[in-house]
Amino acid sequence: MAKVFDSIDERLEAWIARQRMFFVGTAPSEGGHVNVSPKGPIETLRVLDEHTVAYLDLVGSGAETVAHLQDNGRIVVMLCAFVGPPRIVRLHGRGEVLEPGAVDFPDATALPEQRRTVVRVDVQRIADSCGFGVPLMSYEGMRPQLRAWAETKLAKGGPGALDDYVAEKNAVSIDGLPSLG
């Protein structure tokens, strides 16, 4: 049965830390496309206090989440148990886009140049559900492509290569909303 929690307590924080990845969902205020993005590894997500989480947003092909947050601030962070007892946890709230160094992520292994922004979420609703429909899956490891892509970009284009990429590819959302431009 679904349960709504008053806060992210120590037990829930420990459960969150045991997951391997998380998902982020946002949508523009009017029309446009709903966006759901897989995120990880879990070391890029931190519980800051009982009503606040933050995650490290890495350079990628799109910037829908940032555009939607700047548009209306609505966000949900969802975690699923792929091993162990079935469970889904959703953290609904209001998000804010911060500079990459605004929150420390001591266990994150991303290159400093890959760190595009930090998204901090003021969590307003914390709920879980059964997760019976989530398949059991084993973790094999992180894919090497993101880091290798960034290293190649930096080697070929110099220290500002990822900033140039963000300026070119992440300036607006797929719906034309301003993002990181």
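Would you confirm whether or not the range 108-128 contains a residue that is open to solvent by 30 Å² or more (accessible area, probe 1.4 Å), under 30 Å from residue 158 (Cβ atoms) and polar (S, T, N, Q)? Within the range 108-128, one or more residues are open to solvent by 30 Å² or more (accessible area, probe 1.4 Å), under 30 Å from residue 158 (Cβ atoms) and polar (S, T, N, Q). Taking residues in the range 19-47 that are more than 22 Å from residue 108 (Cα to Cα) and among the small types (Gly, Ala, Ser), and partners anywhere that are assigned to a loop (DSSP other than H, G, I, E, B) and open to solvent by less than 60 Å² (accessible area, probe 1.4 Å), the pairs with Cβ atoms closer than 6 Å and at least 6 places apart or on different chains are 29/72; 32/175.
Could you say which residue among 83, 89, 76 is under 22 Å from residue 8 (Cα atoms) and within 13 Å of the chain's Cα centre (by Cα)?
Working: 83 fails: within 13 Å of the chain's Cα centre (by Cα); 89 fails: within 13 Å of the chain's Cα centre (by Cα).
Checking each option against the conditions leaves just 76.
Scanning the range 111-156 for residues that are in contact with a helix residue (DSSP H, G or I) (Cβ under 8 Å, 6 or more places away or on another chain) and charged (D, E, K, R) turns up 113, 116, 147, 153. In the range 38-54, of all residues being under 20 Å from residue 125 (Cβ atoms) and within 15 Å of the chain's Cα centre (by Cα), the one that is surrounded by the fewest Cβ atoms within 10 Å (Cβ to Cβ) corresponds to 48.
Taking each residue of the range 127-152 that is among the charged types (D, E, K, R) and looking for partners that are not in a loop (DSSP other than H, G, I, E, B) with beta-carbon atoms closer than 6 Å, six or more apart or interchain, yields 128/3; 128/89. Any residue at all in the range 140-158 that is assigned to a strand (DSSP E or B) and among the β-branched types (Val, Ile, Thr)? No, because not a single residue in the range 140-158 is assigned to a strand (DSSP E or B) and among the β-branched types (Val, Ile, Thr).
Among the residues of the range 6-16, none qualifies, meaning not one is of a type in the set (S, T, N, Q), under 27 Å from residue 71 (Cβ atoms) and more than 17 Å from the chain's Cα centre (by Cα). Take the conditions (1) in contact with a His (Cβ under 8 Å, 6 or more places away or on another chain); (2) on the phi > 0 side of the Ramachandran plot; (3) not hydroxyl-bearing (Ser, Thr, Tyr); residue 84 misses just one of them, which is (1). Taking the criterion of being within 27 Å of residue 76 (Cα to Cα) and surrounded by fewer than 13 Cβ atoms within 10 Å (Cβ to Cβ), the only residue of the range 145-163 that qualifies is 145.
Candidates 122, 57: the one that is under 25 Å from residue 168 (Cβ atoms), of a type outside the set (Gly, Ala, Ser) and touching a residue at least 60 places away in the same chain (Cβ under 8 Å) is 57. Scoring residue 65 on the criteria (1) assigned to a loop (DSSP other than H, G, I, E, B); (2) open to solvent by less than 50 Å² (accessible area, probe 1.4 Å) leaves a single failure, condition (1). The number of residues in the range 81-102 that are of a type in the set (A, V, I, L, M, F, W, C), part of a strand (DSSP E or B) and open to solvent by 10 Å² or more (accessible area, probe 1.4 Å) comes to 3.
Test residue 166 against the criterion of being surrounded by 10 or more Cβ atoms within 10 Å (Cβ to Cβ), closer than 30 Å to residue 32 by Cα and in contact with a Lys or Arg (Cβ under 7 Å, 6 or more places away or on another chain), and give yes or no. In short, yes.
The values are calculated or read from the model by the stated rules, or taken from the named source; none is laboratory data. All values reported here derive from a predicted model rather than from experimental measurement. Please note: Cβ atoms are built from the backbone with ideal geometry, for glycine as well, and neighbour counts cover all protein chains shown. Only protein heavy atoms, including side chains, enter the accessible area calculation; ligands, DNA and RNA are left aside. Shrake-Rupley method; radii C 1.70, N 1.55, O 1.52, S 1.80 Å.
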